[in-house]
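Colleague: Got a structure here, written out as structure tokens. Questions coming.
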Amino acid sequence: MTTSDDIFRSTDDWQSSLEVRDTHATNPLMDIFATLWKHSSDDHALTPDDIIDLLQADNRQNSFYKAPSRDTVVNQLQYLEYSRILGREVRRTDDGETPDGEENDSSRWYMAPVLSPSEVRLLEDSLMLSRIDPEELQGVISGLYQLAGGSTPSKDLPDISIDGYEHINGEFLTTVEKITEAMNSQLAVDFSYCDYDEHGTLVKRLDHRTGKPRRYVFDPYNMVYKKGGYYLLGHFHNQPIPQDTDQNENHTNLFCFAVDRIRNLRVTGTRITVPAGTWDENGLPRALTGAPRFDAVAFARQRPHMTMGTLVDVVMSVGPGMLTNVYEWFDDPKVERVNGPFDPDDSQEGIETFHYRVSVRSPKLGIIWWALQYALSDVRVESPQSVRDELLRAGLLLTRRYSDE
């Protein structure tokens, strides 16, 4: 006959067995690892007792949870010090010397960050002006802080107002993910491309023949940042490789698209037709020129603006105050000091003056835009003559446009 005492005893045994099972089911190593990831940093290291307290706090909703003993925590910390899980390194703040083989009570432990705080700040600031949905942006920045050893963004992170991001492309991060997938798999992509209308709304470009949104089929090579813009570089999938090096001087065989203006991108099942290695640094067939191989980063760095023409040799005269702008815009300028004033008419007797002769490589259209940008400063293009001719034409046009007559 079963008595009430037997029932209560059975209940106690059942609860006890659950507690034992749950305790055995936990993994002290992973619990400690997760606690260090979530709560520690190089300026906030944890003692074994701190870790036990945090484990109990994090598991307070689990009435069956039993935190590991201090000896277990110490042993697992020592194991983690010499073993990397998920590439994360666990360190202690003291020198690791412990008398008589005993763990020093003052030892404090932390998980080394994947990214340093300065690296995270750099990435965070670069993202703040991106045209990304604010909620997605907050998620990205939170992830960066977790890699730096913190679970939440900085308290100084400004609130991101939807009003300030009304012209965003909500597909931006998805587009980046799909382009990356396509590049890794060497597959073509197709997409619609947008321009802004009078209301600042992105609208799809139309095919002039059909009146319907145009679809671009593209072999993606790489994505690069340039002066705050994020661009996809590649080659139109259905265009053949030219058999000569003659081409429009303002455009190579390569094209770029602003990633934040791409919509409805789809990864096709078709392999790219022309690999990136087909092209040289100018986007010309490398088999015909023998020039250095195309590299997307180098391609972007050699362009003051993201124009796609072939590089030409440019010689300029600039005043001393323009050198900073030269080095900020051009990747590898050659600079030579020249005695005498920038403008011969400004020569003053008894005063030593000088300027600089600068040689750079740039697409023709890019150097024209750059020279016009600094037209009110001491900049004068000396060669090639074709660039000088275009600058003169631009000057005459501006004169007519802004003349009172």
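The values are calculated or read from the model by the stated rules, or taken from the named source; none is laboratory data. Note that this is a predicted model, so its numbers are computed, not measured. No Cβ is skipped: glycine too gets one built from the backbone with ideal geometry, and neighbour counts run over all protein chains shown. For the accessible areas, the whole protein counts, side chains as well, though only heavy atoms, and no ligand, DNA or RNA atoms are used. Shrake-Rupley method; radii C 1.70, N 1.55, O 1.52, S 1.80 Å.
Colleague: Can you list the lysines whose alpha carbon sits under 21 Å from that of K66, skipping same-chain ones fewer than 8 residues off?
Modeller: Output for K66: K38.
Colleague: What's the carbon and sulfur percent of the stretch 211-326's accessible surface, probe 1.4 angstrom, rounded to a whole number?
Modeller: Carbon-and-sulfur percentage of accessible area, whole number: 48.
Colleague: Same structure, new question: Reachable lysines from K212, Cα under 28 Å, same-chain residues fewer than 8 places away excluded?
Modeller: K178, K204
Colleague: Now for a separate question. Give the span of the stretch 182-319's Cα atoms along each principal axis, as three whole-Å numbers ordered largest to smallest.
Modeller: Its Cα atoms span 44, 42, 30 Å along the three principal axes.
Colleague: Here is a follow-up. Take the alpha carbon atoms of the stretch 299-325, find their center, do the same for the stretch 364-381, and report the distance between the two centers in whole angstrom.
Modeller: If we compute the Cα centre of each part, the gap is 9 Å.
Colleague: Send over a whole-number figure in Å² for the accessible area per residue of the stretch 267-381, probe 1.4 Å.
Modeller: Accessible area per residue, the stretch 267-381: 51 Å².
Colleague: Can you work out ³J(HN,Hα) from phi for every residue in the stretch 174-185, in order, using Karplus 6.51 cos²θ - 1.76 cosθ + 1.60 and θ = phi - 60°, giving whole Hz and x for Gly and Pro?
Modeller: Couplings: 5, 4, 4, 4, 5, 4, 4, 4, 5, 5, 5, 9 Hz.
Colleague: Another question, if that's okay. Take Q385, project a point 7 Å from its Cα along the Cβ direction, then tell me which residues of the stretch 221-262 have their backbone nitrogen under 20 Å from it.
Modeller: Within reach of a label on Q385, which here means backbone N under 20 Å from a point 7 Å along Cα→Cβ, the stretch 221-262 contributes 249-250.
Colleague: Continuing with this model, one more query. If you build the Cα gyration tensor of the stretch 262-398 and take the root of 5 times each eigenvalue, what three semi-axes come out, in whole angstrom, biggest first?
Modeller: 37, 16, 13
Colleague: Averaged over every viewing direction, what's the projected area of the C-alpha convex hull for the stretch 283-329? Give it in nm², one decimal, please.
Modeller: It is 4.1 nm².
Colleague: Leaving out same-chain residues fewer than 8 places away, which lysines sit with a Cα under 23 Å from that of K364?
Modeller: By straight Cα distance, K364 reaches K226, K227, K334.
Colleague: What residues qualify as long-range amide H neighbours of V312, i.e. H under 5 Å apart, gap of 5 or more or another chain, H built at 1.01 Å from N?
Modeller: S362, K364
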